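The values are calculated or read from the model by the stated rules, or taken from the named source; none is laboratory data. Since the structure is predicted, the reported quantities are computational estimates derived from the model, not experimental observations. Every residue, glycine as well, gets a Cβ built from its backbone with ideal geometry; the counts of neighbours run over all protein chains shown. Keep in mind that these areas ignore ligands, DNA and RNA; they rest on the heavy atoms of the full protein, side chains included. Shrake-Rupley method; radii C 1.70, N 1.55, O 1.52, S 1.80 Å.
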Amino acid sequence: MAEREHIIAARRQVPGYAEDYAAWLQHQIDLMRAGRWSDLDTEHLIDEVEDLGRSEFNAFVSAVEIVLVHMLKWDFQPERRTPSSIASIIEHRRRIVRLLKQNPSYKSRIAEAIEVAYDTAQAKASGQTNLPLATFPSQNPYGWEAITMREHVLDA
């Protein structure tokens with residue numbers, strides 16, 4: 001009976017999901033490690049796993065978006081080309097490769113990622129160049145090969 005009271009007291013001391021996320025998360029981890037599956041807060045865990053999946057895909061989209069922004073700026077404002085633009089393209093292409101290695105299923109979602117990324121990339125390129133939004137194509141002009149492989153070299 002004393003053991004049962006100890007468990008009840010321990011449960012009361014664990015903050016809820018909305019009260020202290022970090023403590024709640026650590027408690028869920030402890031429960032899983034202990035194999036206490038029936039004690040898990042499954043409703044919130046399901047939400048968290050779904051959010052994690054969205055967050056990972058959003059990181060992939062974000063890397064594609066940054067490459068697209070730089071490509072648009074490169075093509076539509078050639079007088080402002082810099083080595084840092086090339087470095088950013090290379091860095092974000094590496095992120096794309098890493099995310100695809102970690103999440104091979106994203107290969108089937110490349111078209112979706114490009115579509116989502118281009119909508120934002122177009123607006124960001126406009127804001128960063130001070131060129132009107134209409135300067136940039138309304139439809140993405142870059143295929144996957146260009147996004148991931150096209151060379152960008154400064155004029156000598």
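Worth pointing out:
- Whole-percent carbon and sulfur share, accessible surface of region 49-103, 1.4 Å: 53 percent
- Placing +1 on the Cβ of every Lys and Arg and -1 on the Cβ of every Asp and Glu, with nothing else charged, gives the chain a dipole about its Cα centre of roughly 600 debye.
- Segments 112-124, 42-54, 70-82 sorted - mean Cβ within 10 Å per residue, highest first: 112-124, 70-82, 42-54
- Extension gain (nm, one decimal) between ALA87 and TYR21, 0.36 nm per residue minus Cα-Cα: 20.0 nm
- Rolling a 1.4 angstrom probe over the protein heavy atoms with all chains in place gives the chain an accessible area of 65 Å² per residue.
- Sites ASP30 and SER105 - FRET efficiency at Förster radius 22 Å, r taken between beta-carbons, to 0.05: 0.15
- Rounded to 10°, Cα long-axis angle of helix 21-33 versus longest principal axis of the chain: 70 degrees
- Annotation: extensible slack from GLU79 through ALA59 equals 4.2 nm (criterion: 0.36 nm per residue apart, minus Cα-Cα distance).
- Largest first, the residues LEU99, LEU133, LEU25 sort by 1.4 Å accessible area into LEU133, LEU25, LEU99.
- Between ASP39 and ALA134, the simple label model (points 7 Å from Cα in the Cβ direction) yields a spacing of 6.5 nm.
- Relative contact order computed over the chain (Cα-Cα under 8 Å; 6+ residues apart), in percent: 22 percent
- For LYS73, a cut-off of 19 angstrom between C-alpha atoms picks up these aspartates and glutamates, skipping any fewer than 8 places away in its own chain: GLU65, GLU91, GLU115, ASP119, GLU145, GLU151, ASP155.
- Modelled spin labels at GLU50 and LEU154, positioned 7 Å past Cα toward Cβ, are 4.8 nm from each other.
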